[in-house]
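First up is the structure itself, then whatever we jot down about it.
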Amino acid sequence: MTPQTTLSDTIESTIASLPEHMQDWVRKEADLCKPDSVEIITGKVDQIIRLENELEASGAYTRLDEDVYGKRCFYARSDKNDVARVEERTVICTDDPVDAGPLNFWVDPEEMHGKLDKLFDGVMKGRTMYVVPFVTNPADSQFATGGVQLTDSANVVCNLYRMSNLHDGWRILEKQTRFPRITHSYGTLSKEDRWITHFPKELYCRTINSDYGGNALGPKKIFGLRLVGIQALENSQRKSQPDEDVGIEIVEHMALFGIDYGDRRVHFGAAFPSMCGKTNIATGVAEGPMAQHKVFTLGDDIIGGATKKGDGRLYVNNIEAGMFGVTKGMSDFANKMLMEALRNPKPEVQDCEGGPIFTNQVLVDNNGSKRVWWSESGEDFPQGDGITTYNWLGEQIDASAEEKDQKNARVTMPIRNVPHLDSAYNNSDGVPLDVALIGGRSSKLHPLISRARSWNEAVYHALCQFSEPTAAAVGQKPRYDPMANRPFIAFNVSDYAQKWLDIPKKTPKPPAVFSVNWFRRDDDGNFIWDGFGANYRVLDAAVRQLDRKDAWVETPIGLVPKPEQIDISGLKYTTTTEQLAEILVPDKEALKSEVANREGWLNELENGLETGSEGRGAPKKLPQAIWDEHEAFKKRVEEYTA
């Protein structure tokens with residue numbers, strides 16, 4: 001029975017053209033939000049070009065020089081109070097706070113819906129509600145899942161067209177009766193009333209008063225990691241044997257790339273926290289002794305997959321169709337292939353998805369040619385006759401200005417522009433995940449690379465992975481980030497640990513797990529390892545260890561290579577085997593501190609966070625296997641440091 005509404009005949013007619021199983025939901029949301037019109041996003045390029053032109057005419061978009069960036073490349077600014085994810089306003093709404101867990105903020109679903117109903121009431125008056133379909137990439141894989149986002153932001157629509165699969169959305173959703181739903185409005189951009197809320201039981205998200213990426217681009221973190229992560233947990237829990245097809249089984253915050261050795265291809269998933277080189281490793285270029293091997297890209301942020309029937313391995317793929325990255329630090333040295341993609345967009349991509357959309361960089365007017373500049377790009381700040389520059393706030397500035405680009409300035413771009421994107425990125429079967437890399441940033445503790453002795457030990461170390469905010473002194477308490485996924489696990493972290501522990505039962509040939517750390521420093525605070533392209537030398541050592549060509553040595557934190565097993569010829573920083581030997585083993589004092597830090601961290605996961613626990617979900621007991629591994633780690637450290 002169709003609910004009674006006050007919608008116009010035109011809006012009713014538009015909603016009636018949607019698949020029948022989603023009409024009531026869209027009708028209910030439109031009745032609450034009261035848009036002037038409803039427009040269904042079809043996936044056709046002409047519709048997106050019209051929205052781009054409207055945004056340009058309104059002043060929200062500035063068209064950038066086609067001779068520099070190609071066609072349909074734009075610059076935008078966000079509100080100064082809307083530039084990042086807001087952790088304390090990102091909440092999980094479950095009946096039982098234990099289901100949300102101690103790492104997530106929690107609100108009772110009924111209470112949250114009541115609060116949001118008031119905020120959404122009439123919020124779209126004078127605006128258009130866009131109905132946006134999307135599906136995880138590749139659309140025809142066994143683990144594809146579709147969803148719908150309602151939004152009043154044309155900017156969100158244009159960004160999604162570049163980074164999500166909108167083209168196949170309606171085709172998949174026609175037959176998918178239970179689908180993730182997202183309702184978004186940029187509202188008034190009120191910081192006090194900004195909410196990013198998730199209702200797992202309903203596979204539903206409501207987000208309001210933000211137009212910034214992770215808060216507003218539903219198919220990314222909201223859908224791609226949180227809502228699909230819940231689906232993957234449910235599917236994996238009901239899977240009884242390896243060959244059973246339950247749909248998507250795993251979703252992780254991982255880049256996906258590979259190394260082509262000619263006679264074989266090795267695929268890597270990389271779970272690194274922010275600013276730890278995830279995009280660099282996925283889109284880099286090998287150098288030195290590895291230059292003969294091609295590095296290929298499949299994705300830079302989120303993977304999804306399932307165990308392949310009859311194979312026993314985990315097959316995964318990048319579930320996105322684009323990239324949404326921080327520009328600060330992006331340069332020819334650090335991100336050669338991304339810079340090539342920005343400078344030399346492919347004509348077929350420009351004519352379809354469009355060119356990049358830059359947000360919050362420095363806007364440069366070079367004698368009428370509109371361009372962008374960002375910090376640590378390797379390029380001098382633009383200045384000279386006829387050049388005018390504006391910071392991300394729109395203020396005219398010069399090179400001496402303190403406020404230039406916003407530190408979280410972003411670019412959205414179609415992944416098809418990346419020169420060494422592998423054709424398998426769109427393979428419906430996915431690719432076998434041979435190696436899972438768990439990365440972090442520590443100045444003394446973690447070796448350059450290590451491998452756990454068992455699967456359970458690997459899960460334990462990954463649960464206790466961390467990234468130092470700075471070159472921290474030994475003993476500083478770290479912020480732990482399980483599998484680089486801490487902000488995006490939409491359920492209890494104890495269930496997340498159990499899900500990882502159970503992988504070998506459902507995937508007989510799970511990926512090898514290695515921990516990496518490109519950020520070891522000497523006592524003067526200087527980096528010891530070259531990083532960037534040199535990192536593929538380290539991954540080559542991992543491949544040889546997998547092939548049992550090299551035997552690694554024992555440390556309390558895992559097996560590590562011998563110095564002679566990594567080629568350092570031609571490196572700038574690591575020039576002696578003594579330097580390499582130092583960063584291949586954990587520092588003893590750092591190990592002693594880490595035992596106590598980890599014990600405190602695991603206790604927080606079981607009993608609640610020591611600080612900042614107010615408003616969060618409730619903890620539950622960790623799997624005993626994690627504590628068993630911790631006790632074994634403690635014993636190894638005691639023997640090693642005695």
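Overview of values
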| read-out | value |
| --- | --- |
| Long-range neighbours under 6 Å by Cβ, at least six apart or interchain, first residue touching a residue at least 12 places away in the same chain (Cβ under 8 Å) within segment 533-553, second open to solvent by 30 Å² or more (accessible area, probe 1.4 Å) and in a helix (DSSP H, G or I) | ASP550/ARG544 |
| Residues satisfying the stated conditions in segment 251-280, i.e. at pLDDT below 95 and within 17 Å of ASN485 (Cβ to Cβ) | PHE272, PRO273, SER274, MET275, CYS276, GLY277, LYS278, THR279 |
| Residue check for GLN292: open to solvent by 20 Å² or more (accessible area, probe 1.4 Å), over 14 Å from the mean Cα position of the chain (by Cα) and in contact (Cβ under 8 Å) with a residue 24 or more places away in the chain | no |
| Cβ-Cβ under 7 Å pairs, at least 6 apart or on other chains, segment 154-183 side touching a residue at least 24 places away in the same chain (Cβ under 8 Å) and aromatic (Phe, Trp, Tyr), far side open to solvent by 10 Å² or more (accessible area, probe 1.4 Å) and outside any helix (DSSP H, G or I) | TYR161/GLU353 |
| Members of segment 377-435 found to be open to solvent by 20 Å² or more (accessible area, probe 1.4 Å), among the small types (Gly, Ala, Ser) and within 30 Å of the chain's Cα centre (by Cα), listed by number | GLY378, GLY394, SER423, SER428 |
| Test: residue in segment 86-97 that is open to solvent by 70 Å² or more (accessible area, probe 1.4 Å) and farther than 30 Å from ALA618 by Cα | no |
| Residue that is open to solvent by less than 20 Å² (accessible area, probe 1.4 Å) and charged (D, E, K, R), where the choices are ARG171, ARG162, ARG181 | ARG162 |
| When residues of segment 547-571 are limited to those that are out of contact with any helix residue (DSSP H, G or I) (no Cβ under 9 Å at 6 or more places or on another chain) and modelled with pLDDT of 95 or more, the one least open to solvent (accessible area, probe 1.4 Å) | VAL560 |
| Search result, residues across segment 55-81 that are in a loop (DSSP other than H, G, I, E, B) and either surrounded by fewer than 19 Cβ atoms within 10 Å (Cβ to Cβ) or among the basic types (Lys, Arg) (or both) | GLY59, ALA60, ASP65, LYS71, ARG72, ARG77, ASP79, LYS80, ASN81 |
| Qualifying residue in segment 448-465 (condition: closer than 30 Å to TYR573 by Cα and in contact with a His (Cβ under 7 Å, 6 or more places away or on another chain)) | yes |
| From the options PRO133, PRO102, residue that is assigned to a loop (DSSP other than H, G, I, E, B), open to solvent by less than 20 Å² (accessible area, probe 1.4 Å) and modelled with pLDDT of 95 or more | PRO102 |
| Residue that is surrounded by the fewest Cβ atoms within 10 Å (Cβ to Cβ) [pool: residues in segment 225-268 that are under 12 Å from the mean Cα position of the chain (by Cα) and assigned to a strand (DSSP E or B)] | GLU252 |
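The values are calculated or read from the model by the stated rules, or taken from the named source; none is laboratory data. These figures come from a predicted structure and were not determined experimentally. No Cβ is skipped: glycine too gets one built from the backbone with ideal geometry, and neighbour counts run over all protein chains shown. Calculation scope for accessible area: heavy atoms of the full protein, side chains included, ligands and nucleic acids excluded. Shrake-Rupley method; radii C 1.70, N 1.55, O 1.52, S 1.80 Å.
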